[in-house]
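The values are calculated or read from the model by the stated rules, or taken from the named source; none is laboratory data. Predicted model only: the values in this text are computed from it and were never measured. Note that each Cβ is placed from the backbone with ideal geometry, even for glycine, and that neighbours are counted across all protein chains shown.
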Amino acid sequence: MRKLRFILAVIVVLALSAVSFAHPGKLDKNGGHYDKETGEYHYHKGPNALETLELRRNTVYKAKILRVVDGDTAIVSFEFDDGSKYQKERVRFLGVDTPETVHPNKPVQFYGKEASDFTKSQLTDKTVWLQTDVGPRDRYDRMLAYVWLKEPSKKDLDDEKAIRKYMYNAKLLLDGYAQVMTIQPNSKYSNLFVHFQREAREAKKGLWGKEPE
Ligand SMILES: [Zn+2]
C-alpha cells in the first residue's frame with residue numbers, strides 16, 4: 001500500500017513537471033538543466049527559476065532570435081530592462097506559411113529550402129520586435145507574432161509603407177517565400193497580406209515561379 005502511494009506520488013510529480021515547462025529536458029536535483037539550444041544552464045525550480053511569459057494581445061515585445069527552425073518559425077529569448085528571465089519561446093510567424101522543410105512525415109516542398117535559408121540569413125542572431133494579434137498563443141503554446149526588423153512606432157503598425165519595409169512576414173509574401181495563411185482569430189493584416197501575395201504571384205516571384213522538372 002505504501003509502495004503504491006509512492007508510485008502515485010512519483011506519477012503526479014512527473015505529470016506536474018511535464019506541464020511546468022514548455023521545452024523538453026530532464027531536471028537535475030537542483031531543479032535546473034543545460035539548454036539544448038544555447039548550452040546555458042538555467043533553473044525551472046527554486047528562486048532563480050525561469051517563468052512562462054504571459055503574453056498580451058496587440059503588444060510589441062523586443063526579442064533576440066536564437067535559432068531559425070524553418071521559413072516561418074524561430075526560437076527566441078526576450079530582453080527585458082529589469083533583467084527578468086523567461087524561458088525561450090517558439091514563435092510561429094503570423095499570417096504566412098512557407099513550404100515545408102522539417103516536417104517528419106512530409107517531403108520537402110518546392111521552395112521550402114530557399115524559404116528556410118532566406119529566414120536563416122535574415123533573422124539568425126538578430127534583435128527583432130514581435131507584435132501579437134488578438135490570440136498571442138496557439139494550442140501548441142507557441143507564440144504567434146508579426147516580426148519587425150526595427151522597432152515599430154504606433155503609426156508604423158498601421159502604415160502600409162512601414163509594413164512593406166520592416167515587417168518580415170510581409171517581406172516573405174512580397175518576395176514569394178510564403179503564401180497567406182490566416183491563423184484565426186489573428187486577422188489584423190489578412191487583407192493586406194492577400195494583396196502582397198497577389199503582387200508576388202503576378203511578378204512570378206519565388207514559389208510562384210516555375211517548378212523545376
Ligand atoms: Zn529548461
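Restricting to region 68-84, and then to whatever is of a type outside the set (G, A, S) and within 15 Å of the ligand (Cβ to nearest atom), can you tell me which residue is farthest from the chain's Cα centre (by Cα)?
Filtering first and then ranking leaves F78.
Please work out which residue is surrounded by the most Cβ atoms within 10 Å (Cβ to Cβ), limiting yourself to region 161-213 and to residues that are assigned to a helix (DSSP H, G or I) and among the acidic types (D, E).
Restricting to residues being assigned to a helix (DSSP H, G or I) and among the acidic types (D, E), the top hit is E199.
So if I check each of Y43, Y61, which one is surrounded by 12 or more Cβ atoms within 10 Å (Cβ to Cβ), within 24 Å of the chain's Cα centre (by Cα), modelled with pLDDT of 80 or more and farther than 30 Å from K154 by Cα?
Y43
Could you tell me which residue of region 103-124 is farthest from G206 (Cα to Cα), considering only residues that are among the β-branched types (V, I, T) and surrounded by fewer than 16 Cβ atoms within 10 Å (Cβ to Cβ)?
T124
Yes/no per residue for (1) within 13 Å of A74 (Cα to Cα); (2) outside any loop (DSSP other than H, G, I, E, B); (3) free of Cβ contacts under 8 Å to residues at least 40 places away in the same chain:
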residue	(1), (2), (3)
V91	yes, yes, no
P99	no, no, no
K106	no, no, yes
Q109	no, no, yes
D117	yes, yes, yes
Q122	yes, yes, no
D125	yes, no, no
G135	no, no, no
D141	no, no, no
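Being touching a helix residue (DSSP H, G or I) at 6+ places or on another chain (Cβ under 8 Å) and of a type in the set (F, W, Y) is the filter here, so list the residues in region 61-110 that pass it.
The answer is F93, F110.
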